[in-house]
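Down below is the structure, laid out as structure tokens.
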Amino acid sequence: MLEQLLIFTRGGLILWTCKELGNALRGSPIDTLIRSCLLEERSGAASYNYDVPGAAYTLKWTFHNDLGLVFVAVYQKILHLLYVDELLSMVKREFSEIYDPKRTVYNEFDDVFQQLRKEAEARAEEIRKSKQVSKPVNNNLGKKQGQVQKGIMNGGNQKKSGGESGNDGGDGDKVISRAMENGNGRSNGSNGNGLVQANGKENRSSGSGAFDVNKLHKLRAKGGKKTDTVVKDSKVEPTKKIKKNRVWDDSPKESKLDFTDSMNENGNENVAVVEAVQGESMMDKEEIVSSDSETEEDEEPGKDSKVEAKKKGWFSSMFQSIAGKANLDKADLEPALKALKDRLMTKNVAEEIAEKLCESVAVSLEGKKLASFTRVSSTVQAAMEEALVRILTPKRSIDILRDVHSAKEQGKPYVVVFVGVNGVGKSTNLAKVAYWLQQHKINVMMAACDTFRSGAVEQLRTHARRLQVPIFEKGYEKDPAIVAKEAIQEASRNGSDVVLVDTAGRMQDNEPLMRALSKLIYVNSPDLILFVGEALVGNDAVDQLSKFNQKLGDLSPSPNPRLIDGILLTKFDTIDDKVGAALSMVYISGAPVMFVGCGQSYTDLKKLNVKSIVKTLLK
């Protein structure tokens, strides 16, 4: 049964709801649909499932883009209502005829809706009955076909066993005898299947023996050549031994290579030099976006117009650009969307996400009137640009400096946990974040909770010494959740403002390590969970983030598990214009990109420039 159907504008004004349905929806499925689907450019999906304790709904919707209207139907998830799609299209058609932007009340539409609903239900019932009637016919046909096939098989068996099969059997025997004659002729007049095989094998063996004799001299000649080459190789080996004359004995002193020892006077001098050279972090600098991408965007539509002018006549294209097209449909949008999808995929956007984005843009433009002096390609690109800006812009403000000061007022440290797969640069970028916080006069402490990888504690200890930051460590093969808990207690005693927790790198499918990470988060309740990911990944970004969130939710003993709060993108300086990983990660998780690592020094950490990323994706 249909629970609710409502019509509202894109601005959020509800124009009409079905009063006869009148069912009070549990939870807030409409608000959730708007927040997590329509605003996140996921409107290309066929339906949306809303699951909360005590309620499970399926929502379907359609748009009237020219009028800016949204039509949403809600029904129980366990029901499979076949008429909902048709009902929505009928309601959309009828309501658009009486819609007036100045009106806000449409009470007369109740009777129209009841009639449309009865028609849709009647059609769905007819389709269901026709399917039920057609099933026995298909079964009878299948039975008849099975009987015919069984008869054929039985007849074949009788032919093989009895030999008294009439004309058909005679024809079959003739065919078999001809095949045997052909086979015997090919095998030099042999008389039976066994003889054919035996003679064939004998002939082949004899022929192959003669062939080997004829090739003997050639093989010997090749063998002679091979021996020559072996001799030559043996002559080359002494020349390689000449490399032993390289001097390896003058190795540098161990003190120059050992950076994990306790700090001495020279070490302190090195730290001072490092701090002086680093300078201001790029997080506090504003990035200026160049206008090169704008000029390239202006050039590309010119190319598209040349192609369109060749396909269409000069007069038709000129008239359409002046008068504008009535309404855009899928056929008009498909070429531009396909080109846009290919462009996004070349920028390292995951294929699944590029396809969903193009579907969402198509849904938002379908039925919309094309303005004068505009092309379809430019309209699609403008819609995609708006969608990308909306996706990459954070939905909620995460100001770490403000949150740190508020936690300091409450007398507790602000805890940040860095998680991610192996080798993405968690420890290095943790040190960059520590350096940035130091510049804002914030006391930082590092917690070495990577007790799995050998060398991880020494690596973090080196960063702590260079930055003159305290570090809490317990060595290896310890429970990281307990180490993090003790580190937070130590920070509260020492007056540290922020605790940066370094964790072991783990693949998203490694359940023991994911369970340990889920325990660490559950025990310590960090203020911020940062996922550290490479900007080099393409389709794997979707798998990493989705499975990280899934494992953190499934393996947590808490009824309200913590998921990833933000993203730190590393190695951003190595990808040129392949910036699609940022879009893939934000789209799949809904978490904003808070930091971007763009180098190997402590200052190479900056914010994500949304406009720059969007222009790079679309150029």
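Annotation for the range 328-398: trypsin sites (Lys or Arg not before Pro) lying in DSSP loop with at most 15 further Cβ atoms inside 10 Å of their Cβ are LYS369, LYS395, ARG396. Accessible area per residue for the range 2-126 is 50 Å², calculated with a 1.4 Å probe on protein heavy atoms, without ligands, DNA or RNA. Per atom type, the range 400-618 shows carbon and sulfur on 47% of its accessible surface, probed at 1.4 Å. Summarising the amide proton neighbourhood of PHE472: residues at separation of 5 or more, or on other chains, whose placed amide H is nearer than 5 Å comprise MET446, ALA447, ALA448. Computed packing ranks the peptides 6-19, 470-483 as 470-483, 6-19, most packed first, by mean other Cβ atoms within 10 Å.
Count the net charge of all other residues whose Cβ sits under 11 Å from the Cβ of ALA354, scoring Lys and Arg as +1 and Asp and Glu as -1. Net charge around ALA354: 0.
For the range 375-485, the calculated P(r) over all alpha carbon pairs, in 5 Å bins from 0 to the bin holding the longest distance, is 2, 10, 16, 17, 15, 11, 8, 6, 5, 4, 3, 2, 0 percent. How large is ³J(HN,Hα) for each residue in the range 76-81, as worked out from phi by the Karplus curve 6.51 cos²θ - 1.76 cosθ + 1.60 (θ = phi - 60°), to whole Hz, x for Gly and Pro? Going residue by residue, I get 5, 5, 6, 8, 10, 7 Hz, with x marking Gly and Pro. Here the range 2-126 is treated with +1 on each Lys and Arg Cβ and -1 on each Asp and Glu Cβ, and its dipole about the Cα centre works out to around 380 debye. Measuring against 21 Å, Cα to Cα, the residue pairs LYS368/LYS619; LYS330/LYS356; LYS408/LYS441; LYS92/LYS131; LYS426/LYS607 contain LYS368/LYS619; LYS92/LYS131 as the ones spanning a longer distance. Pairs of alpha-carbon atoms within less than 8 angstrom and 6+ residues apart define the contacts here; what relative contact order does the range 2-126 have, in percent? Normalised by residue count, the contact order of the range 2-126 is 25 percent. Scalar couplings 3J(HN,Hα) for the range 576-588, obtained by applying the Karplus form with A = 6.51, B = -1.76, C = 1.60 to θ = phi - 60°, are 6, 9, 7, 9, x, 4, 4, 5, 4, 5, 5, 5, 7 Hz; x denotes Gly and Pro. Taking 22 Å as R0, compute the FRET efficiency from the Cβ-Cβ separation of LYS330 and THR9 and round it to 0.05. FRET efficiency, LYS330 to THR9: 0.40. Applying a threshold of 26 Å to the alpha-carbon distances of LYS571/LYS611; LYS395/LYS606; LYS369/LYS395 flags LYS369/LYS395 as lying beyond it.
This model, with +1 at the C-beta of Lys and Arg and -1 at the C-beta of Asp and Glu, gives the range 324-429 a dipole about its Cα centre of some 280 debye.
Annotation: amide H-H contacts under 5 Å for VAL532 (H modelled 1.01 Å from N, sequence separation of 5 or more, or interchain): VAL419, GLY420, LEU568.
Heavy-atom accessible surface of the range 472-619, averaged per residue, reaches 38 Å², computed with a 1.4 Å probe. Here is the result for the range 377-462: no GluC sites (Glu not before Pro) lie in DSSP coil with at most 14 other C-beta atoms within 10 angstrom of their C-beta.
Scalar couplings 3J(HN,Hα) for the range 434-451, obtained by applying the Karplus form with A = 6.51, B = -1.76, C = 1.60 to θ = phi - 60°, are 4, 5, 5, 5, 4, 5, 9, 6, 10, 7, 10, 10, 9, 10, 8, 9, 8, 9 Hz; x denotes Gly and Pro.
The values are calculated or read from the model by the stated rules, or taken from the named source; none is laboratory data. Computed from a predicted structure; not experimentally measured. Cβ: placed from backbone, ideal geometry, glycine included. Neighbour counts: every protein chain shown. Ligands, DNA and RNA are stripped out before the accessible areas are found, and what is left, the full protein with its side chains, is counted by its heavy atoms. Shrake-Rupley method; radii C 1.70, N 1.55, O 1.52, S 1.80 Å.
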